[in-house]
Amino acid sequence: MNKLALYLFAGLLTLGVAACKKDAVPDFQQRDDEALVIAIADDRSKQETDPSTLPAEILDYIAKNHFDSYIDAAYFADGKGYEVVLATEERVFFNLNRRILAHRLNDRIGPCGRLMGGRLIPLNELRPAIVDYVATNYPDAQILRAKRQGDRVLVLLTRHIVLVFTADGVFELDDTLWFDCRPCGPVDFGSGMLDLIKSHIPGGEIKRICPRGDRMIVGVLLNGQRHILVFDMSFQNLLFRIP
């Protein structure tokens, strides 16, 4: 009887220890946004993931709010959330429920020389000077969205043309597809390289090719939609594609 009691006690003790360990696992989702962002950013075990496999809510958020850039890399921190790195070197964080996290890690002048992030502007609130400029200079284009970024206004048109205006509506510059902190350098193509790129998006129009670190970033337009193809430097391996 004493032996049976001992076994029962040992079993209960084991269950108690296991329960304590389970309770000791931190629930990062209960932390405030700033603390959760720091936990994700500092997680050395987070795994790099193919950006095209990110949840649809995250991809939609990036496409809508960061139309002037593109995803450079993405990471998943188990039990914590997601970290998305943009070409502007801005980092955007999401919890496990795909909610954007508010934080101050990037509250500074970005490497592109402008404030990062930005706030979407309802199209009916755009200054008449901006609307008139687009109507005059891009008569066949449509304004899709706009955002205030520091003292600038960025406007996205069809065919993924991005225009930059001052806060007062004075035109500054335009670009196609994206802005990048690192200027595109000359690219030496081998025989058939363009055909190899086009084979991934038949009928697409190659608009921009940029070496970036150990990768080649290719911007392609197809039926007015932008596609980002990321290759290794040899162009033999497609690392990922968005969308």
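Does at least one position in segment 175-190 carry a residue that is at pLDDT 90 or above, among the hydrophobic types (A, V, I, L, M, F, W, C) and either assigned to a helix (DSSP H, G or I) or outside the structural domain of Y61 (by TED's automatic domain parsing) (or both)? Walk me through how you get there before you give the answer.
Here is the first cut: in segment 175-190, the residues at pLDDT 90 or above are none.
Checked segment 175-190: no residue is at pLDDT 90 or above, among the hydrophobic types (A, V, I, L, M, F, W, C) and either assigned to a helix (DSSP H, G or I) or outside the structural domain of Y61 (by TED's automatic domain parsing) (or both).
Across segment 114-138, which residue is nearest to the chain's Cα centre (by Cα) among those that are under 29 Å from L101 (Cβ atoms), modelled with pLDDT of 95 or more and buried (at least 16 other Cβ atoms within 10 Å of the Cβ)?
Within segment 114-138, the match that is nearest to the chain's Cα centre (by Cα) is I121.
Return the residues of segment 51-81 that are in a loop (DSSP other than H, G, I, E, B) and closer than 18 Å to R226 by Cα; say none if nothing qualifies. Walk me through it before giving the result.
Taking segment 51-81 as the starting set, the residues that turn out to be in a loop (DSSP other than H, G, I, E, B) are 54-55, 66-70, 78-80.
Passing the criteria: L54, H66, F67, D68, S69, Y70.
R226 passes all but one of (1) over 25 Å from V85 (Cβ atoms); (2) assigned to a strand (DSSP E or B); (3) in contact with a helix residue (DSSP H, G or I) (Cβ under 6 Å, 6 or more places away or on another chain); which number fails?
So the condition that R226 fails would be (1).
Suppose we filter D168, D195 for residues that are free of Cβ contacts under 8 Å to residues at least 60 places away in the same chain and touching a helix residue (DSSP H, G or I) at 6+ places or on another chain (Cβ under 8 Å); which single one remains?
Details: D195 fails: touching a helix residue (DSSP H, G or I) at 6+ places or on another chain (Cβ under 8 Å).
When all the criteria are applied, what remains is D168.
Return the residues of segment 223-241 that are over 13 Å from S199 (Cβ atoms) and hydrophobic (A, V, I, L, M, F, W, C); say none if nothing qualifies.
Matches in segment 223-241: I228, V230, M233, L239, F240.
Every residue in segment 165-174 that is of a type in the set (A, V, I, L, M) and not in a loop (DSSP other than H, G, I, E, B), please. Walk me through it before giving the result.
The initial filter retains those residues of segment 165-174 that are of a type in the set (A, V, I, L, M), namely 167, 170, 173.
Of everything in segment 165-174, just one residue is of a type in the set (A, V, I, L, M) and not in a loop (DSSP other than H, G, I, E, B), namely L173.
The values are calculated or read from the model by the stated rules, or taken from the named source; none is laboratory data. Because the structure is a prediction, the values reported are computed rather than measured. Because the Cβ atoms are built from the backbone with ideal geometry, glycine has one as well, and the counts that use them run over all protein chains shown.
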